[in-house]
Amino acid sequence: MQSTFHLAYNVRDLDAARQFYGGTLGCVEGRSTQTWVDYNFFGHQISLHLGEPFKTEATGHVGDHLVPMPHLGVVLRMDDWNALAAHLENQDVAFIIPPSLRFEGEPGEQATMFFRDPSGNPIEVKGFKDQTNVFAT
């Protein structure tokens, strides 16, 4: 079964969110009002609402890193991940975890990068050479 996820969360400033999600990430804006805006987040729907973002802490033990929890993310094909990583590096995005490879040679080998939106919401973007390995054990 294939589906598109929907996730709604808070941002402090819609103009800053538009610059980041639309400008920096290149997501296409959808419907909006004065208090929220939808984006096509790599084929999925996110709704950014004015409000206080959720609290996050670096408590997720993944490989050699403590990653911010909770966080949202997306899994891309490796060529798309590489292109986005290069684009974000050129945009001087401040990475929590810079573009890197983890679990090399193991089931589930993946590229990853973590960064925050202007409201502090953590985002992870993963890349897989073989999408069938996303759930490999």
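We did not get these values from a lab; they are worked out from the coordinates using the rules stated. Note that this is a predicted model, so its numbers are computed, not measured. Positions of Cβ are backbone-derived with ideal geometry, glycine not excepted, and every protein chain shown enters the neighbour counts.
Quick notes on this one:
- At the listed q of 0.22, 0.27, 0.30, 0.33 Å⁻¹, the Debye profile of region 6-50, built from one uniform point per Cα, gives log10 I(q)/I(0) equal to -0.63, -0.97, -1.19, -1.37.
- Gain on full stretching of the segment that runs from Arg77 to Arg102 - 0.36 nm per residue minus C-alpha separation: 7.5 nm
- Across region 110-119, coupling constants 3J(HN,Hα) worked out from phi with the 6.51/-1.76/1.60 Karplus curve, θ = phi - 60°, read 8, 8, 8, 7, 10, 7, 10, 7, x, 8 Hz, and Gly and Pro carry x.
- Sorted by Cβ density within 10 Å, fewest first, the residues Ile97, Ile46: Ile97, Ile46
- Pairs of C-alpha atoms in region 57-133 farther apart than 14 Å represent 60 percent of all such pairs.
- Computed over region 30-70: relative contact order in percent, which uses C-alpha pairs under 8 Å that are six or more apart: 23 percent
- Think of it as helices only: each DSSP H run of n ≥ 4 in the chain is worth -39500 (n - 2.57), and spread over all residues that comes to -3500 deg cm²/dmol at 222 nm.
- Crossing angle, helix 78-90 versus the chain [Cα axis fit, 0-90 degrees, rounded to tens]: 60 degrees
- Taking Cα centre as origin and charging only the Cβ of basic (Lys, Arg, +1) and acidic (Asp, Glu, -1) residues, the dipole magnitude of the chain rounds to 280 debye.
- Relative contact order %, the chain, counting alpha carbon pairs below 8 Å whose residues are six or more apart: 22 percent
- Taking one quarter of the surface of the C-alpha convex hull of the chain gives a mean projected area of 8.5 nm².
- Ordering Asn121, Leu88, Thr132 by the projection of their Cα atoms onto the charge dipole of region 57-133, which places +1 on the Cβ of Lys and Arg and -1 on the Cβ of Asp and Glu, puts Asn121 at the extreme positive end.
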